[in-house]
Amino acid sequence: MALTERWTSRVLLVDEDDLLLLCGRDPRRSGARWWFTVGGGVEPDENYLQAAVREVWEETELSLPVERLSRVVWTRQAIFSVDGHVFDQYEEYRLARVTADEAGRMNIRTEEARYGHRWWSTPELATTAETVRPKKMASLLPDVLATVGLDRRPVHLGSFNEDADQE
């Protein structure tokens, strides 16, 4: 299979306590299911911030000004396959806090989330047997929440082959 390079902008949408994750599945692999953050591919005519704002709108119908996005908190490189296609994907993650009112008005409409979405607490993330991308989200998230707004460098989470489950 050919390898497709992809650049993505991902958003950690957090309300007062919880993180919104979408559920995806691979139609070619029975039982292949995972939870992932809002976000997606950077289009040729946009930068990572513009892609983040567009993806939040497309996936939640939340109009989020770019100023509400944090600096990049994590980066990651991941190789994975979905529906017979193999991707080599670079990811940038930013945090955006939402109010309870905004969370209540969201209309999750992305095709990837047709399998579900939910708000996850850190303890739920720490104890779930479900696949969550990136892995170790429960241990990574508290530091991001505590240091957002501070002048800190992004943490590179590493390079992973998710199909080999090396993460």
key: For Leu95, residues with placed amide H under 5 Å, excluding near neighbours   = Leu12, Ser70, Val73
Degrees separating the helix 137-147 axis from the principal Cα axis of the chain, which is the longest one = 30 degrees
task = Take the alpha carbon atoms of the range 66-167, find their radius of gyration, then divide it by 2.2 N^0.38 Å using N residues; give the quotient.
result = 1.18
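Rounded to the nearest 20 debye, what is the charge dipole size of the range 1-127 about its Cα centre when +1 sits on each Lys and Arg Cβ and -1 on each Asp and Glu Cβ? Don't skip to the end; give the middle numbers.
Details: 16 positive and 23 negative charges, 76 e Å.
The calculated dipole for the range 1-127 is roughly 360 debye.
Computed over the Cα atoms, what is the radius of gyration of the range 35-116 divided by 2.2 N^0.38 Å, N being its residue count?
On the way: Rg = 13.4 Å, N = 82, 2.2 N^0.38 = 11.7 Å.
Output field value: 1.14.
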Apportionment of accessible area to carbon and sulfur, the range 21-99, percent (1.4 Å) = 52 percent
task = Report the local net charge at Thr60: Lys and Arg +1, Asp and Glu -1, summed over other residues whose C-beta lies under 11 Å from its C-beta.
result = -3
request  = Please name whichever of Gly41, Val56, Gln77 sits farthest to the positive end of the charge dipole of the chain, dipole taken about the Cα centre and charges placed at Cβ: Lys and Arg +1, Asp and Glu -1.
outcome  = Gln77
ask   = What does the accessible area per residue of the chain come to in Å², with a 1.4 Å probe and no ligands, DNA or RNA counted?
value = 53 Å²
request  = Just need the relative contact order of the chain here, percent rounded to a whole number, with Cα pairs under 8 Å and 6+ apart.
outcome  = 31 percent
note = Whole-Å distance linking the alpha carbon centroid of the range 133-162 with that of the range 1-61 is 16 Å
query = Given a Förster radius of 35 Å and the C-beta distance between Arg109 and Ala164 as r, what FRET efficiency does 1/(1 + (r/R0)^6) yield to the nearest 0.05?
reply = 0.60
request  = Report the calculated FRET efficiency for Glu61 and His85 (r = Cβ-Cβ distance, R0 = 30 Å), to the nearest 0.05.
outcome  = 0.65
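Evaluate E = 1/(1 + (r/R0)^6) for Thr75 and Arg28, where r is the Cβ-Cβ distance and R0 equals 22 Å; express this FRET efficiency to the nearest 0.05. Intermediate results must be reported in sequence, preceding the final value.
Details: r = 28 Å, r/R0 = 1.29.
After rounding, the FRET efficiency stands at 0.20.
Nearest-5 percent of antiparallel DSSP beta bridges in the range 25-167? Before the final figure, lay out the partial values.
Working: 11 of 17 bridges.
Close to 65 percent.
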inquiry  = If you fit an axis through the alpha-carbon atoms of helix 48-60 and take the longest principal axis of the Cα set of the chain, what angle between them do you get, 0 to 90°, nearest 10?
reply    = 90 degrees
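The values are calculated or read from the model by the stated rules, or taken from the named source; none is laboratory data. Owing to the predicted nature of the structure, the values given are computational and were not obtained by experimental measurement. When we count neighbours, we look across all protein chains shown, and the Cβ atoms used for this are built from the backbone with ideal geometry, even at glycine. Each accessible area value is taken on the protein alone, full model and side chains, heavy atoms only, with ligands, DNA and RNA left out. Shrake-Rupley method; radii C 1.70, N 1.55, O 1.52, S 1.80 Å.
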